[in-house]
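As C-alpha coordinates, the structure follows; a few thoughts come after it.
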Amino acid sequence: MGKYAHVINIGIQSTLVYRVNFVVRALFGLIPLFSLILLWRAIYEGASGPQVGGYTLGEVITYYLMVNVVVALTSVTEDDWQIAADIRDGRISQFLLKPIDYLRYRLCLFAAGRLVYTAAALIPTALFLWTQREHLQLPPSPTHAAAFGVALVLTALLQFFISYTMALLAFWVLEVATFIFILFAFEYAAGGHLFPLDMLPPAIQQALQFTPFPYMLYFPVQVYLGRATPAEIGQGLVVQALWVAVVYLLARAVWARGVKHYSAVGG
(Lines give C-alpha, C1' and ligand atoms only; values in the text may rest on other atoms or scores of the structure.)
Protein backbone atom coordinates (compact mmCIF):
# COMPACT_ATOMS: atom_id res chain seq x y z
CA MET A 1 0.00 0.00 0.00
CA GLY A 2 3.04 2.25 0.33
CA LYS A 3 3.15 2.98 -3.38
CA TYR A 4 -0.49 4.08 -3.40
CA ALA A 5 0.12 6.33 -0.40
CA HIS A 6 2.94 7.83 -2.44
CA VAL A 7 0.53 8.32 -5.36
CA ILE A 8 -1.85 10.22 -3.05
CA ASN A 9 1.05 12.38 -1.86
CA ILE A 10 2.14 13.15 -5.43
CA GLY A 11 -1.48 13.76 -6.41
CA ILE A 12 -1.95 16.30 -3.62
CA GLN A 13 1.23 18.11 -4.61
CA SER A 14 0.20 18.19 -8.28
CA THR A 15 -3.35 19.30 -7.54
CA LEU A 16 -2.22 22.09 -5.20
CA VAL A 17 -0.96 23.91 -8.30
CA TYR A 18 -4.63 24.53 -9.17
CA ARG A 19 -5.76 25.63 -5.68
CA VAL A 20 -6.64 29.14 -6.89
CA ASN A 21 -8.70 27.62 -9.72
CA PHE A 22 -10.57 25.54 -7.15
CA VAL A 23 -11.33 28.59 -5.00
CA VAL A 24 -12.64 30.48 -8.03
CA ARG A 25 -14.69 27.46 -9.13
CA ALA A 26 -16.18 27.14 -5.65
CA LEU A 27 -17.05 30.85 -5.56
CA PHE A 28 -18.75 30.82 -8.95
CA GLY A 29 -20.49 27.56 -8.07
CA LEU A 30 -22.29 29.42 -5.29
CA ILE A 31 -23.91 31.84 -7.74
CA PRO A 32 -26.46 29.37 -9.21
CA LEU A 33 -27.05 28.05 -5.69
CA PHE A 34 -27.91 31.56 -4.48
CA SER A 35 -30.24 31.99 -7.48
CA LEU A 36 -32.03 28.72 -6.62
CA ILE A 37 -32.51 29.83 -3.04
CA LEU A 38 -34.02 33.16 -4.18
CA LEU A 39 -36.30 31.27 -6.58
CA TRP A 40 -37.60 28.93 -3.88
CA ARG A 41 -38.12 31.81 -1.48
CA ALA A 42 -40.31 33.48 -4.10
CA ILE A 43 -42.22 30.21 -4.59
CA TYR A 44 -42.91 29.89 -0.85
CA GLU A 45 -44.00 33.53 -0.59
CA GLY A 46 -46.69 32.82 -3.15
CA ALA A 47 -47.63 29.41 -1.74
CA SER A 48 -50.87 28.86 0.14
CA GLY A 49 -49.23 26.91 2.96
CA PRO A 50 -45.91 26.44 4.78
CA GLN A 51 -44.98 23.43 2.65
CA VAL A 52 -44.42 22.85 -1.06
CA GLY A 53 -44.12 19.26 -2.22
CA GLY A 54 -43.86 18.14 1.41
CA TYR A 55 -40.90 20.43 2.17
CA THR A 56 -40.73 23.51 4.35
CA LEU A 57 -38.64 26.45 3.18
CA GLY A 58 -35.89 25.53 5.63
CA GLU A 59 -35.79 21.95 4.34
CA VAL A 60 -35.60 23.07 0.71
CA ILE A 61 -32.78 25.53 1.40
CA THR A 62 -30.91 22.92 3.44
CA TYR A 63 -31.45 20.41 0.63
CA TYR A 64 -29.74 22.62 -1.95
CA LEU A 65 -26.99 23.63 0.46
CA MET A 66 -26.19 19.98 1.15
CA VAL A 67 -26.38 19.15 -2.56
CA ASN A 68 -23.60 21.67 -3.04
CA VAL A 69 -21.59 20.09 -0.20
CA VAL A 70 -22.07 16.53 -1.52
CA VAL A 71 -21.04 17.59 -5.03
CA ALA A 72 -17.91 19.28 -3.68
CA LEU A 73 -16.92 16.19 -1.70
CA THR A 74 -17.74 13.43 -4.18
CA SER A 75 -17.98 14.64 -7.78
CA VAL A 76 -15.49 13.66 -10.46
CA THR A 77 -13.89 16.66 -12.16
CA GLU A 78 -11.12 15.89 -14.65
CA ASP A 79 -10.49 12.23 -13.84
CA ASP A 80 -12.56 10.75 -16.67
CA TRP A 81 -10.97 13.04 -19.26
CA GLN A 82 -7.49 12.19 -18.00
CA ILE A 83 -8.18 8.46 -18.12
CA ALA A 84 -9.45 8.71 -21.68
CA ALA A 85 -6.40 10.79 -22.63
CA ASP A 86 -4.05 8.20 -21.08
CA ILE A 87 -5.60 5.52 -23.29
CA ARG A 88 -5.82 7.64 -26.43
CA ASP A 89 -2.25 8.94 -26.18
CA GLY A 90 -0.70 5.62 -25.28
CA ARG A 91 0.40 6.59 -21.77
CA ILE A 92 -1.54 3.62 -20.43
CA SER A 93 1.25 1.33 -21.66
CA GLN A 94 3.50 2.13 -18.71
CA PHE A 95 0.89 0.82 -16.29
CA LEU A 96 0.74 -2.49 -18.14
CA LEU A 97 4.46 -3.02 -17.51
CA LYS A 98 4.66 -1.96 -13.85
CA PRO A 99 3.35 -3.62 -10.66
CA ILE A 100 0.65 -1.03 -10.12
CA ASP A 101 -3.08 -1.36 -10.54
CA TYR A 102 -4.42 1.42 -12.77
CA LEU A 103 -7.85 1.56 -11.09
CA ARG A 104 -6.29 1.94 -7.63
CA TYR A 105 -3.85 4.48 -9.05
CA ARG A 106 -6.68 6.62 -10.45
CA LEU A 107 -8.73 6.19 -7.26
CA CYS A 108 -5.80 7.57 -5.25
CA LEU A 109 -5.54 10.57 -7.57
CA PHE A 110 -9.30 11.08 -7.29
CA ALA A 111 -9.06 11.07 -3.48
CA ALA A 112 -6.15 13.53 -3.60
CA GLY A 113 -8.09 15.85 -5.88
CA ARG A 114 -11.16 15.77 -3.62
CA LEU A 115 -9.02 16.55 -0.57
CA VAL A 116 -7.43 19.59 -2.20
CA TYR A 117 -10.70 20.84 -3.70
CA THR A 118 -12.49 20.45 -0.36
CA ALA A 119 -9.74 22.38 1.43
CA ALA A 120 -9.82 25.15 -1.19
CA ALA A 121 -13.62 25.40 -1.20
CA LEU A 122 -13.98 25.14 2.58
CA ILE A 123 -13.82 28.85 3.41
CA PRO A 124 -16.19 30.23 0.72
CA THR A 125 -18.65 27.37 1.27
CA ALA A 126 -18.55 27.78 5.05
CA LEU A 127 -19.14 31.54 4.73
CA PHE A 128 -22.11 30.93 2.44
CA LEU A 129 -23.56 28.35 4.83
CA TRP A 130 -23.16 30.91 7.63
CA THR A 131 -25.18 33.47 5.68
CA GLN A 132 -27.97 30.88 5.38
CA ARG A 133 -27.76 29.73 9.02
CA GLU A 134 -31.34 30.90 9.66
CA HIS A 135 -32.65 28.11 7.45
CA LEU A 136 -29.78 25.60 7.63
CA GLN A 137 -30.79 22.48 9.52
CA LEU A 138 -28.52 19.93 11.18
CA PRO A 139 -29.04 16.13 11.11
CA PRO A 140 -31.77 15.18 13.60
CA SER A 141 -29.57 12.64 15.41
CA PRO A 142 -25.99 11.32 15.60
CA THR A 143 -27.21 8.20 13.80
CA HIS A 144 -28.30 10.26 10.81
CA ALA A 145 -24.99 12.15 10.84
CA ALA A 146 -22.98 8.90 10.89
CA ALA A 147 -25.13 7.37 8.14
CA PHE A 148 -24.65 10.53 6.09
CA GLY A 149 -20.87 10.11 6.38
CA VAL A 150 -21.06 6.48 5.21
CA ALA A 151 -23.36 7.47 2.35
CA LEU A 152 -20.88 10.17 1.30
CA VAL A 153 -18.06 7.64 1.00
CA LEU A 154 -20.24 5.25 -1.02
CA THR A 155 -21.41 8.13 -3.21
CA ALA A 156 -17.82 9.13 -3.97
CA LEU A 157 -16.92 5.53 -4.90
CA LEU A 158 -20.03 5.20 -7.06
CA GLN A 159 -19.29 8.47 -8.84
CA PHE A 160 -15.70 7.43 -9.48
CA PHE A 161 -16.35 3.89 -10.69
CA ILE A 162 -19.08 5.00 -13.11
CA SER A 163 -16.88 7.77 -14.55
CA TYR A 164 -13.91 5.40 -14.71
CA THR A 165 -15.96 2.83 -16.65
CA MET A 166 -17.23 5.45 -19.08
CA ALA A 167 -13.69 6.72 -19.67
CA LEU A 168 -12.53 3.18 -20.52
CA LEU A 169 -14.68 3.38 -23.65
CA ALA A 170 -11.64 5.17 -25.08
CA PHE A 171 -10.26 1.68 -25.75
CA TRP A 172 -12.84 1.41 -28.57
CA VAL A 173 -13.80 4.97 -29.57
CA LEU A 174 -11.63 7.98 -30.32
CA GLU A 175 -13.67 10.50 -28.34
CA VAL A 176 -15.70 9.72 -25.21
CA ALA A 177 -17.01 13.25 -24.62
CA THR A 178 -20.50 12.40 -25.91
CA PHE A 179 -20.88 9.47 -23.53
CA ILE A 180 -19.61 11.50 -20.58
CA PHE A 181 -21.99 14.38 -21.30
CA ILE A 182 -24.94 11.99 -21.65
CA LEU A 183 -24.06 10.39 -18.32
CA PHE A 184 -23.75 13.81 -16.69
CA ALA A 185 -27.15 14.85 -18.05
CA PHE A 186 -28.83 11.73 -16.62
CA GLU A 187 -27.04 12.14 -13.30
CA TYR A 188 -27.98 15.83 -13.09
CA ALA A 189 -31.67 15.23 -13.78
CA ALA A 190 -32.22 11.84 -12.14
CA GLY A 191 -29.85 12.32 -9.21
CA GLY A 192 -31.83 15.06 -7.51
CA HIS A 193 -29.63 17.99 -8.46
CA LEU A 194 -32.44 20.05 -9.94
CA PHE A 195 -35.07 19.28 -7.30
CA PRO A 196 -35.85 16.61 -4.67
CA LEU A 197 -36.89 13.41 -6.41
CA ASP A 198 -39.81 12.81 -4.05
CA MET A 199 -41.52 15.79 -5.67
CA LEU A 200 -41.88 13.69 -8.83
CA PRO A 201 -44.89 11.47 -9.56
CA PRO A 202 -44.71 8.13 -7.69
CA ALA A 203 -44.31 6.09 -10.90
CA ILE A 204 -41.20 8.03 -11.90
CA GLN A 205 -39.81 7.76 -8.38
CA GLN A 206 -40.23 3.99 -8.46
CA ALA A 207 -38.56 3.74 -11.86
CA LEU A 208 -35.56 5.77 -10.70
CA GLN A 209 -35.03 3.42 -7.75
CA PHE A 210 -33.85 0.78 -10.23
CA THR A 211 -31.00 3.05 -11.35
CA PRO A 212 -27.87 4.18 -9.45
CA PHE A 213 -28.60 7.87 -9.98
CA PRO A 214 -30.60 8.59 -6.77
CA TYR A 215 -27.74 7.11 -4.75
CA MET A 216 -25.24 9.50 -6.32
CA LEU A 217 -26.75 12.59 -4.66
CA TYR A 218 -30.38 12.44 -3.53
CA PHE A 219 -30.05 9.61 -1.01
CA PRO A 220 -27.22 11.13 1.10
CA VAL A 221 -29.06 14.44 1.32
CA GLN A 222 -32.27 12.70 2.40
CA VAL A 223 -30.30 10.94 5.13
CA TYR A 224 -28.87 14.27 6.30
CA LEU A 225 -32.32 15.88 6.42
CA GLY A 226 -33.73 13.00 8.44
CA ARG A 227 -36.42 12.33 5.89
CA ALA A 228 -35.43 8.65 5.78
CA THR A 229 -36.39 6.28 8.59
CA PRO A 230 -33.73 4.02 10.15
CA ALA A 231 -35.07 1.10 8.13
CA GLU A 232 -34.93 3.13 4.91
CA ILE A 233 -31.40 4.29 5.75
CA GLY A 234 -30.23 0.71 6.28
CA GLN A 235 -31.88 -0.48 3.07
CA GLY A 236 -30.53 2.50 1.14
CA LEU A 237 -26.96 1.96 2.32
CA VAL A 238 -27.16 -1.70 1.33
CA VAL A 239 -28.49 -0.83 -2.13
CA GLN A 240 -25.86 1.88 -2.49
CA ALA A 241 -23.10 -0.58 -1.54
CA LEU A 242 -24.49 -3.11 -4.03
CA TRP A 243 -24.38 -0.51 -6.81
CA VAL A 244 -20.77 0.28 -5.88
CA ALA A 245 -19.89 -3.42 -6.09
CA VAL A 246 -21.72 -3.88 -9.41
CA VAL A 247 -20.07 -0.87 -11.06
CA TYR A 248 -16.67 -1.90 -9.65
CA LEU A 249 -16.99 -5.36 -11.20
CA LEU A 250 -18.16 -3.77 -14.44
CA ALA A 251 -15.11 -1.48 -14.42
CA ARG A 252 -12.82 -4.47 -13.95
CA ALA A 253 -14.54 -6.37 -16.77
CA VAL A 254 -14.37 -3.42 -19.19
CA TRP A 255 -10.68 -2.91 -18.34
CA ALA A 256 -9.90 -6.60 -18.99
CA ARG A 257 -11.60 -6.51 -22.40
CA GLY A 258 -10.17 -3.11 -23.24
CA VAL A 259 -6.58 -4.14 -22.55
CA LYS A 260 -6.99 -7.06 -24.94
CA HIS A 261 -8.20 -4.63 -27.59
CA TYR A 262 -5.51 -2.04 -26.84
CA SER A 263 -2.45 -1.56 -29.03
CA ALA A 264 0.29 1.03 -28.93
CA VAL A 265 2.90 1.82 -31.57
CA GLY A 266 5.87 4.13 -31.70
CA GLY A 267 8.98 4.68 -29.58
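The values are calculated or read from the model by the stated rules, or taken from the named source; none is laboratory data. Here the structure is a predicted model, which means the values were calculated and not measured. Methodologically, a virtual Cβ is constructed for each residue, glycine included, from the backbone with ideal geometry; neighbour enumeration extends over all protein chains shown.
Looking at the structure I just gave you, is GLY226 within 16 Å of the chain's Cα centre (by Cα) and under 18 Å from TYR63 (Cβ atoms)? Steps first, answer last, please.
Numbers: within 16 Å of the chain's Cα centre (by Cα): no; under 18 Å from TYR63 (Cβ atoms): yes.
It is false that GLY226 is within 16 Å of the chain's Cα centre (by Cα) and under 18 Å from TYR63 (Cβ atoms).
Quick one: what pairs do we get from region 58-80, first residue under 16 Å from GLU187 (Cα atoms) and at pLDDT 90 or above, second of a type in the set (D, E, K, R) and in a helix (DSSP H, G or I), C-beta under 9 Å, 6+ apart or different chains?
Pairs that qualify, where the first residue is under 16 Å from GLU187 (Cα atoms) and at pLDDT 90 or above and the partner is of a type in the set (D, E, K, R) and in a helix (DSSP H, G or I), are THR74/ARG114.
So, restricting to helices (runs of 4 or more DSSP H) that lie completely within region 96-195, which ones have at least 2 residues that are within 30 Å of HIS6 (Cα to Cα) and modelled with pLDDT of 85 or more?
Output list reads 102-131, 142-167.
On the phi < 0 side of the Ramachandran plot, among the aromatic types (Phe, Trp, Tyr), crowded, with 16+ Cβ neighbours inside 10 Å and out of contact with any Ser or Thr (no Cβ under 8 Å at 6 or more places or on another chain), is that true of TYR102? It would help to see each step written out before you state the result.
Numbers: on the phi < 0 side of the Ramachandran plot: yes; among the aromatic types (Phe, Trp, Tyr): yes; crowded, with 16+ Cβ neighbours inside 10 Å: yes; out of contact with any Ser or Thr (no Cβ under 8 Å at 6 or more places or on another chain): yes.
Against the criterion (on the phi < 0 side of the Ramachandran plot, among the aromatic types (Phe, Trp, Tyr), crowded, with 16+ Cβ neighbours inside 10 Å and out of contact with any Ser or Thr (no Cβ under 8 Å at 6 or more places or on another chain)), TYR102 qualifies.
Being among the small types (Gly, Ala, Ser), more than 21 Å from LEU73 (Cβ to Cβ) and in contact (Cβ under 8 Å) with a residue 12 or more places away in the chain is true for just one of ALA112, ALA151, ALA170, ALA190. Which residue is that?
ALA170
Quick check on my filter: what residues within region 37-78 are closer than 27 Å to ALA177 by Cβ and not in a loop (DSSP other than H, G, I, E, B)? Walk me through how you get there before you give the answer.
So in region 37-78, the residues closer than 27 Å to ALA177 by Cβ come out as 67-68, 70-78.
Selection gives VAL67, ASN68, VAL70, VAL71, ALA72, LEU73, THR74.
Among the residues of region 251-267, is any under 16 Å from the mean Cα position of the chain (by Cα) and at pLDDT 90 or above? I'd like the intermediate steps shown before the answer.
Applying the first criterion (under 16 Å from the mean Cα position of the chain (by Cα)) to region 251-267 yields none.
No, that holds for no residue.
Yes or no: region 168-184 includes at least one residue that is surrounded by 20 or more Cβ atoms within 10 Å (Cβ to Cβ), small (Gly, Ala, Ser) and under 27 Å from LEU115 (Cβ atoms).
yes
Quick check on region 30-52: of everything there that is surrounded by 16 or more Cβ atoms within 10 Å (Cβ to Cβ) and either touching a strand residue (DSSP E or B) at 6+ places or on another chain (Cβ under 6 Å) or without any contact (Cβ under 8 Å) to a residue 60 or more places away in the chain (or both), which residue is nearest to ARG104 (Cα to Cα)?
LEU36
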